[in-house]
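Undergrad: Supplied in C-alpha cells, the structure appears directly below.
The numbers here are math on the coordinates, done by the rules we state, and not lab data. Because the structure is predicted, anything quoted here is derived from the model rather than measured. Because the Cβ atoms are built from the backbone with ideal geometry, glycine has one as well, and the counts that use them run over all protein chains shown.
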Amino acid sequence: NFFAYKNNLKNGDSKATIQNKDLEYQLEITNKSPKKIDGVLQADFYDFQGAKVHSEKKDIVLGVGVNPIIFPYKSASSFLKIVYTLTVPSLQYVSQWNAEYGYENIIYNPTLPNVAYNAPQKYFPADLNKIVIDGWLGERLKANTELRLQKVDEEAILAGFINRPGNHSWIGEHVGKFLEAACNAYDNQPKPELKNQIDRTAQQLIGAQLTDGYLGTYDMDSHWTSWDVWSHRYDLMGLLRYYELSGFKPALDSSEKIGNLIMQTFGTEKGQKDIVKAGGHVGMAATCILESMGELYRFSGDKKYLDYCYTLVKSFDNPGGPKIITTLNAEGRVDKVANAKAYEMMSNFLGIVKLYRLTNDNQFLRPIETAWNDIVASRLYITGTTSSFEHFQDDHVLPATDKDNMGEGCVTTTWVQLNYQLFCITGQMKYVDELERSIYNHLTGAENPQTGGVSYYTPLVGKKPFRTVITCCMSSVPRGIAMIPLFGNGKINNNPAFLLYQPGTYTTSVKNTKISFTTTGDFLKDGKVNIIVANSGKDKFPVEFRKPYWANDFSIQINGKKQLITNTQTTSIERVWKKGDKIEISFTMPIIVLDGGKSYPNQIALQRGPQVLAYDKSLNNDLDVNAFTVNTKSIDLQPSNYSLPSKWVGAEKFELKASSDNTSKNIILVPYADASQTGGVISTWIKKQNN
C-alpha cells in the first residue's frame, strides 16, 4: 500500500467532450513511503469499442508525496479508457489504475420494446414528452431535476466500476438508479446539461464492463457475493431505460451481456450457483433481478430471458429461499414473508407483477394483489409509505418518530412503482388514491425542495434528516419523483383521463386526431380547476374525470353547462370536443380527521385534500407539540396569514384552534411534504382533548 492514485485532466474539464482536443491526461501517484522510488508507468488508451488507439511508456522517479505524470494526447475518439500500469522492479510491484473520459453526444432516437405486454392493460400513461406539470408538483419535479439529479456526484457513483472494488458493498446500485430517474426527467423536460450527464454516465458505465459481461464493483474473488447481483439489477434497469430513451444500441448490448452472465452463473445445472445464496434477506436481494430480466426480454425480444424469469420464480422455493408467492398464498401477510424486509420484498413484487404482464398468468397477479391489500389494510402510514426499521411490522404497528427508522425512501419509491404497475393493469382508482397519497406526502416529503437533500427515513414525528451524501434512498427518492408525470394524465380504456388535476398541459391523440388540454388553477388553494381544449376534431369520444376520495361537492361544467356526475370514482363525459371548450371543475376539501390507531392512541392527524398536515415547531415559536390539545368535536382549521420563511417552498399554511393550559391558542400547520424544510421538528400527530 505504498501508492495511491488519482486521475484528472490537467488542461481541461473532465466532464467535457474530448474528441479532437489537445489534452493532458494526468495521473497523480502518491508515494507514501519515506524514500524515492524508481518505476515505469505505461498508459494504454482504448476507444469505446475496446480497441487500443495509443500507448506510451515513461520511466519515472516517484518522490515522497504526490507525483503528477502527464500523457498528452489528441483523441479521434469521443471516449477514452486509459489503463495505467505502474511497475516498480525493486518492490516486485505491478498495479493498474483505470481512467475514463469523454462521451458521444448522441442524437436520441427513442425505441419501443420488442415485446408487448400480453396481459390486458387498462391504463396507458401519457408520453412523458406530451405532458407538462406546473404548480406544487411542478415545483417538486423541477427541484428534483435541478437540485438532486443534476447535483449527483458522477465520479463517486462510477468510481467502483472503473476501479474495482468500490468503496462499499452496494455502491454499484446508484448508477442504474440515477440513469432511470434522469432519463424520465429528461424525457419529460429536456435539458441539454442533463442529457450530457446521462450520456456521459451511461457510456462510461458501459466502458467499465468486463469482457465476460460482469458490471459490478467487486474484485474478482468476491464476484456474486453480498450486493453484487443487486447492483446488476440496477445496471439493467438504468441501461435499458437509457436504450429506450436514446436508441443507443451499445446499452442494449451491454444489458444482454449482463443477462447472459447471470443466466450462466445462477441456476440448477452442475457448476452453477444458487441465486438465493447470492443475496441477503433470505435471498430477496438477489432474486429481485427478476424485474430486470423481464425488462431485458421486453427490449431484446429473446425468449430465453423470459424462460429464465420462471427459473428465478422457482428459486423462491429453494432450500433457504424466501418463498414469496407460497407464503402470500398461504398466509396473506407480507410480514410473514421471508424476514419481512420491505424494500427487497417489494422489489420482488415488481418482478412478479411484470411477469404477469408479460404472460397473462394469474398465478403471478393474485399474490401481489394479496400483498397490496395487506399493506393497505394493516401496514400503511397515513402519508403513503410503510416499514419501520426497514421491515414490515405487525398489524397496525406504525411507530413514526425519528427513532423508529420509518418510511425508508427506497420503500416509498418501490410502493409507488408497485401501485403504478397495478394501476396500468386494472385502471382501478384505488391505486391512484395510493399514488396520490404517496406523492403529495411521503415521497415529496423525503426530498428538501430548497436543497435537494434527501431524508433516508422520513418521520411523522421529529426532524427530517435531509442529507446530500450518497445513500440508497438518495438515489431512490428521485426515481419516484421523476415518475409522477406517468400518472398525472393518460388514457383509461383508450379515453383521455384527468387523474391529479395538476396545472399544465396534456397532449394526446384520439382516433388519429391530436387533442391538447391546458389546465390552470390551484386546487390546493381553492378547489377549482379550469381546463381548456386547445384543438379539436370531428369525432365524439369520452374524457374520464377522477373524483378524488377526499373531495365533496364535486362538480363539472362544460362551457357553463353543469354535467351529470355519477357516483363512481370516475365520471365519463362523451361529446365532440371543440377548440376553446372550457371545462370547470370545483369541489370542497373537508378536513379528514385521521385516528392515531394502535401506535398513537388519543391522538389525531388532519388531512386536507390529498395533503396530510403537520405541525412544524420552527413555525410556532418553538412550542412543543405536546403542550396543546385539539377538540375533535369541533375542528376549526382556517387559511392563515402567517408569513412563511423567505425561502420556503410551498404556499399553503393554516391556523388550527387548539388549547394549552386551558387557554385557546392558534397553531400553524403546513402540508407534511413542506414541513421541516428549514430543519424544524415536526409532528403529524396531535393530542386530543379529553372530551
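Undergrad: I need the calculated FRET efficiency for the pair residue 641 and residue 621, taking r as the beta carbon distance and R₀ as 22 Å, to the nearest 0.05.
TA: Efficiency, from the Cβ-Cβ distance: 0.85.
Undergrad: Give me the number: length gained by fully extending residue 689 to residue 469, i.e. 0.36 nm times residue separation minus the C-alpha to C-alpha distance, one decimal in nm.
TA: Here the answer is 75.0 nm.
Undergrad: Beyond 32 Å between alpha-carbons counts as too far, so tell me which of 647/687; 10/463; 177/463 fall in that bin.
TA: 10/463
Undergrad: Treat each spin label as a single point 7 Å out from the Cα along the C-beta direction, and report the residue 222 to residue 253 distance in nm.
TA: Here the modelled spin labels are 3.0 nm apart.
Undergrad: Extending each Cα 7 Å along its Cβ direction at residue 602 and residue 139, get the distance between those two points in nm, one decimal.
TA: Going from the residue 602 label point to the residue 139 one covers 3.7 nm.
Undergrad: Using Cα pairs under 8 angstrom and six or more residues apart, how large is the relative contact order of the chain, in percent?
TA: Result for the chain is 10 percent.
Undergrad: Have a look at segment 554-609 and give its Rg and Dmax from the Cα atoms, expressed in angstrom.
TA: 18.1, 54
Undergrad: A follow-up question, please. What's the extension gain from residue 649 to residue 272 if we count 0.36 nm per residue and subtract their Cα-Cα distance?
TA: Length gained between residue 649 and residue 272: 130.4 nm.
Undergrad: Kindly provide the pair-distance distribution of segment 48-176 built from C-alpha pairs, with 10 Å bins from 0 and whole-percent values in order of increasing distance.
TA: Using 10 Å bins, I get a P(r) of 8, 21, 28, 22, 11, 7, 2, 0 for segment 48-176.
Undergrad: Another question about this same structure. Any idea what Rg and Dmax come out to for the chain if you just take the C-alpha atoms, in Å?
TA: So, for the chain, Rg and Dmax equal 27.2, 91 Å respectively.
Undergrad: Which aspartates and glutamates have a Cα less than 13 Å from the Cα of residue 547, not counting those fewer than 8 places away in the same chain?
TA: Those aspartates and glutamates meeting the cut-off are 433, 436.
Undergrad: Turning to a different aspect of this structure: Report, in whole Å, the centroid distance computed from the Cα atoms of segment 332-377 and segment 465-508.
TA: Segment 332-377 and segment 465-508 have Cα centres separated by 22 Å.
Undergrad: Counting Lys and Arg as +1 and Asp and Glu as -1, each charge on the Cβ, what is the dipole of the chain about the Cα centre in debye, to the nearest 20?
TA: I would put it at about 1260 debye.
Undergrad: Please give the FRET efficiency for residue 494 paired with residue 61, using the beta carbon to beta carbon distance and R0 = 60 Å, rounded to the nearest 0.05.
TA: Efficiency computed from Cβ-Cβ geometry: 0.25.
Undergrad: Related question: Counting alpha carbon pairs within less than 8 Å and at least 6 residues apart, what relative contact order, in whole percent, applies to segment 226-324?
TA: Reported as a whole number, the value is 29 percent.
Undergrad: Another question, then. Tabulate in residue order the Karplus-calculated ³J(HN,Hα) for segment 391-399, using 6.51 cos²θ - 1.76 cosθ + 1.60 with θ = phi - 60°, rounded to whole Hz; enter x for Gly and Pro.
TA: Going residue by residue, I get 10, 5, 9, 5, 3, 6, 8, 9, x Hz, with x marking Gly and Pro.
Undergrad: Which semi-axes, in whole Å and largest first, does the equivalent ellipsoid of segment 244-351 have when worked out from the alpha carbon gyration tensor as the square roots of 5 times its eigenvalues?
TA: 26, 16, 11
Undergrad: Then there is this: Starting from one equal scatterer on each C-alpha and no solvent at all, send me the Debye-based log10 I(q)/I(0) for segment 110-241 at q = 0.15 Å⁻¹, two decimals.
TA: -0.80
Undergrad: Normalised radius of gyration for segment 3-102, please: alpha carbon Rg relative to 2.2 N^0.38 Å, two decimal places.
TA: Taking the Cα Rg and dividing by 2.2 N^0.38 Å, one obtains 1.08.
Undergrad: Something else now. So for 426, 588, fewest C-beta neighbours within 10 Å to most, what's the order?
TA: Ordered by Cβ neighbours within 10 Å, fewest first: 588, 426.
Undergrad: Now for a separate question. For segment 592-687, what's the relative contact order in percent, using C-alpha pairs closer than 8 Å and at least 6 residues apart?
TA: With pairs under 8 Å counted, the relative contact order is 37 percent.
Undergrad: Toward the positive end of the charge dipole of segment 592-687, about the Cα centre and with charges on Cβ (Lys, Arg +1; Asp, Glu -1), which of 606, 668, 623 goes farthest?
TA: So the residue furthest toward the plus end is 606.
Undergrad: Putting +1 on Lys and Arg Cβ atoms and -1 on Asp and Glu Cβ atoms, find which of 425, 565, 188 reaches farthest to the positive end of the dipole of the chain.
TA: Among 425, 565, 188, the one farthest towards the positive end of the dipole of the chain is 565.
Undergrad: Treat each spin label as a single point 7 Å out from the Cα along the C-beta direction, and report the residue 659 to residue 565 distance in nm.
TA: 3.5
Undergrad: What ranking of 643, 77 emerges when the number of other C-beta atoms within 10 Å of each C-beta is taken as an exposure proxy, fewest first?
TA: Listing 643, 77 from fewest to most nearby Cβ atoms yields 643, 77.
Undergrad: I would also like to ask the following. Would you calculate the volume per residue, in Å³, of the smallest convex hull containing every Cα atom of segment 125-197?
TA: Taking only Cα atoms, segment 125-197 has a hull volume of 101 Å³ per residue.
Undergrad: Looking at the square roots a ≥ b ≥ c of the eigenvalues of the Cα gyration tensor of segment 228-306, which shape do they give, rounded for a/c under 1.5, prolate if a/b is larger than b/c, or oblate?
TA: prolate
Undergrad: Under a 5 Å amide H to amide H cut-off, with H placed in plane at 1.01 Å, what residues pair with residue 666 once short-range neighbours are removed?
TA: Close amide H contacts, sequence-distant or interchain: 658.
Undergrad: Report the semi-axes of the equivalent ellipsoid for segment 492-588 in whole Å, largest first, where each axis is √(5λ) for an eigenvalue λ of the Cα gyration tensor.
TA: Over the Cα atoms of segment 492-588, the ellipsoid semi-axes are 21, 14, 12 Å.
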